[in-house]
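Please treat every number below as a calculation from the coordinates, not as lab data. Since this is a predicted model, take the numbers as computed values, not measurements. Positions of Cβ are backbone-derived with ideal geometry, glycine not excepted, and every protein chain shown enters the neighbour counts.
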Amino acid sequence: MSTIGIINGANLNLLGQREPHVYGYRTIDELQQYLEEEAKRLDVNLLFFQSNIEGELVNQIQQWWLNKKVDGIIINPGGYAHTSLVIRDAIASIDIPVFEVHLSNPFHREAIRQQLITASACKAVISGLGFDSYIAAIYAMCKQL
């Protein structure tokens, strides 16, 4: 059975409260429950991590890879997608598939959100589908594994 790590970055702990007109009214706990239900159907294990701190995201990517805890990673870096060369380099330094997801479509938002620095190190990017961005990524990741 494969294990996929789900990493959520800055401000995603505020899902359901932060800009619900953009990100929806469901919480990060509801996201995790939704993904776990789908993972059962696919016979895949999920590990979850969320932090608002850039270095902790880098550490988690490295730890999961070095300790062979996951077969692939799905990451929503939040705002770090537009700013973080160090998260991009952490993704590029590992040899397991990494997919980037976004709840909203960054290309339908402000110009500053349309550049995704971290995406260039990822195998795929899925955005604009709300929680289903993660579901699409899980399905695609399962096919890769």
Packing-based exposure ordering (other Cβ within 10 Å, fewest first) of Met141, Met1: Met1, Met141
Peptides ranked, highest mean first, by Cβ atoms within 10 Å: ranges 120-126, 6-12: 6-12, 120-126
Relative contact order (percent, whole number), segment 3-144, Cα cutoff 8 Å, 6+ residue spacing: 26 percent
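Would you list Asp43, Asp132, Asp71, Asp95 from fewest to most Cβ contacts within 10 Å?
By the 10 Å Cβ count, ascending: Asp95, Asp43, Asp132, Asp71.
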Charge dipole magnitude, Cβ of K and R +1, D and E -1 - the chain, Cα centre, debye nearest 20: 200 debye
Least to most buried among Arg26, Arg41, Arg18 (fewest other Cβ within 10 Å first): Arg41, Arg18, Arg26
Amide H partners (placed H, <5 Å) of Leu46, local residues excluded: Ile4
